[in-house]
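Report on one structure; see the data block that follows.
The values are calculated or read from the model by the stated rules, or taken from the named source; none is laboratory data. On a predicted model such as this, the values are computed, not experimentally measured, just so you know. Cβ placement follows ideal geometry from the backbone for every residue including glycine, while neighbour counts extend to all protein chains displayed.
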Amino acid sequence: MSGAEAPTWPEEFAARYRAAGHWRGETFGQLLRDRAAEHPDRIAIVDPTGGRRWTYGQLDRRADRLAAGLLARGIVKGDKVVVQLPNIAEFFETIFALFRIGALPVFALPAHRETEIRYFCEFTEAAAYVIPAEHGGFDYRDLAAKVLTEVPALRHVFVAAGDPGAFEALSDVPLDPAGPLAVPDPPAPGDLAFLQLSGGSTGVPKLIPRTHDDYIYSLRGSNELCGVDADSVYLVALPAAHNFPLSSPGSLGALYAGARVVLCPQPGPEVAFPLIESEGVTITGLVPPLALVWTEAAPSSAYDLSSLEVLLVGGAKFSEEAARRVGPALGCTLQQVFGMAEGLVNYTRLDDPAETIVTTQGRPISPDDEIRVVDDEDEDLPVGATGHLLTRGPYTIRGYWKAPEHNARSFTADGFYRTGDVVRLTETGHLVVEGRAKDQINRGGEKIAAEEVENHLLAHPSVHDANVVAEPDPYLGERTCAYVILRKGAEPLKPVAVKKFVRGRGLAAYKVPDRVEFVESFPRTGVGKISKKDLRAAASNGPDSAGGWSGSASAQPDAVAAAPPASTPSASNPSPSTPPAQA
Ligand code: AMP
Ligand code: DBH
């Protein structure tokens, strides 16, 4: 992997991970080839929308034919391809074709819109962009047409499902390679396999470079801890490209095991439960809000859910009370998972005591995952104390892709990733997530970088300054509240107009603030910095408490007499840029 694009593991660590048998020299292209050779007629992918059932042999063949077609279109090793597909079979055909030729999928989510997609295409200098024609009432061809005019380097748009319109249908790309697929320079196990997205905490989005070797190790480890083998049936209920349903153990873990992957077009019980019954689903993963909905729906459901053995819940903190209800309601084992696309994944073990399963977020996959819980000065804390989680290990990145300045802050000098999570370690080595130090809102598992939304708010001509914080929500866990100071003399705005403005900037809908409050000033800390802590406290006290700090911590009104131009950075947002982030 190229050191210029992202820092990688020092050779002594790489050697250790190889010697331990973690990195076994596998690649995604080869693993599908091997499974197809072992059991060509087993079902790999079930896509209920098209009534499609692809065997391992068929998926392997499709990946080869698409790979040959993509090579013929000039897509080569190292090229980036933004893949924005819903839960359809073509997602797997596409990514395995790209893996085979060594081109890198960039895993966009269906919720991403113009701002995010343009950024991914520009920043990665993507050669191609793969979309469905329409999904969830949204026309991705319109989005692609806009992005194509804005990003000249983008050479191809492929439409994987539905009417391709002005673009090329993905189904027209495959070619029959004469004989076995000939890839001029096939990827090596240590090469990058794809770029995953980070929820991020800054206005600048982060891309996560994962290698074949490191990611496949996390799949193998996950399969072992989640009991996934060739007889398992994994339901992809969350968006397929997200790191959780992709790898914990996810669809790729299931394919690694030679198991069956069932694609669920919608995660609600009305669509998922019939699929669990008809396909005999044994394992799936959900974010906490969905787990609550399933738990409520299951007892009165007409569908037979008895095949379900394991329900993984993660992405955001699952409350103990809700966790207790899962087993009785769904008749399966709850497995909490605390993971991150940057690497480290923790699971409660299937045979952990029931109390451990409902009160902790698990422990790391690997004996070589190094965990440190530290104070604000990076000093190690004793077991049981609450502090910042730092980690290093065989499947945790050593740096984001092309982000040297951010890497200097997000990683210690000796390569530990600063997760931004505040945790406590129990005597049994389990982690309990107690909070978060990063400036992020976790909206039911969807991560929102506060700074990103603040930058979009600041682009409004009437907005002088803005701060976005989390407020508690009974269903989502957290939702977003934007505190906005209007410019002196600006026309009064309604909250709905602010939300509409943000939406109009072409952002994923989940990033639009749930609540907007207009205030005269922001609370300040002792040294005069804006206190997000006080803003969060105000937000959790409800709509009318905003501005309660005025005249106390800060006697200085924040609004200035002469309105600066819209692009001028404000105190709370040194960067005037308006880049998007992600997941
Ligand atoms: P990302 O870096 O976007 O992949 O998001 C990973 C982050 O999600 C973690 O660093 C945590 O903040 C959060 N997260 C994931 N799983 C859990 C969990 N089970 N409990 C609490 N927070 C979680
Ligand atoms: O939230 C996450 O990013 C996440 C949660 C559970 C994750 O990446 C994972 C498991 O692998």
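At-a-glance table
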| item | result |
| --- | --- |
| Near pairs, Cβ below 9 angstrom, 6+ apart or cross-chain, from segment 3-23 (at negative phi) to any residue that is surrounded by fewer than 16 Cβ atoms within 10 Å (Cβ to Cβ) and part of a helix (DSSP H, G or I) | Pro7/Pro404; His22/Arg16 |
| In segment 265-291, residue farthest from Tyr475 (Cα to Cα) [restricted to those that are of a type in the set (A, V, I, L, M) and crowded, with 23+ Cβ neighbours inside 10 Å] | Val281 |
| Residue in segment 377-399 that is more than 10 Å from ligand 1 (Cβ to nearest atom), touching a helix residue (DSSP H, G or I) at 6+ places or on another chain (Cβ under 7 Å) and without any contact (Cβ under 8 Å) to a residue 60 or more places away in the chain present | no |
| Residues that are touching a residue at least 40 places away in the same chain (Cβ under 8 Å), within 16 Å of ligand 2 (Cβ to nearest atom) and within 14 Å of Arg325 (Cα to Cα), drawn from segment 258-309 | Pro288, Pro289, Leu290 |
| In segment 325-340, the residues that are within 16 Å of ligand 1 (Cβ to nearest atom) and surrounded by fewer than 18 Cβ atoms within 10 Å (Cβ to Cβ) | none |
| Some residue of segment 235-251 being more than 14 Å from ligand 2 (Cβ to nearest atom), under 21 Å from Gly51 (Cβ atoms) and within 21 Å of the chain's Cα centre (by Cα) | yes |
| Count - residues of segment 469-528 that are of a type outside the set (A, V, I, L, M) and either free of Cβ contacts under 8 Å to residues at least 40 places away in the same chain or not assigned by TED's automatic domain parsing to the domain that holds Glu446 (or both) | 20 |
| Condition met for Leu181 (closer than 28 Å to Arg52 by Cβ, out of contact with any strand residue (DSSP E or B) (no Cβ under 6 Å at 6 or more places or on another chain) and either assigned to a strand (DSSP E or B) or of a type in the set (A, V, I, L, M) (or both)) | yes |
| Strands (runs of 3 or more DSSP E) wholly inside segment 436-492 containing at least 2 residues that are over 20 Å from Ala111 (Cα atoms) | 463-473, 477-486 |
| Selection status of Ala89, hydrophobic (A, V, I, L, M, F, W, C) and not assigned by TED's automatic domain parsing to the domain that holds Pro152 | no |
| Residue ID - surrounded by the most Cβ atoms within 10 Å (Cβ to Cβ), chosen from residues in segment 353-383 that are assigned to a strand (DSSP E or B) and within 24 Å of the chain's Cα centre (by Cα) | Pro364 |
| First in segment 321-343 and under 25 Å from Tyr303 (Cβ atoms) and more than 16 Å from ligand 2 (Cβ to nearest atom), second anywhere and outside any helix (DSSP H, G or I) and among the charged types (D, E, K, R), Cβ under 7 Å, 6 or more apart | Cys332/Glu309; Thr333/Glu309 |
| Test: residue in segment 56-66 that is buried (at least 24 other Cβ atoms within 10 Å of the Cβ), of a type in the set (A, V, I, L, M) and more than 29 Å from Ile397 (Cβ to Cβ) | no |
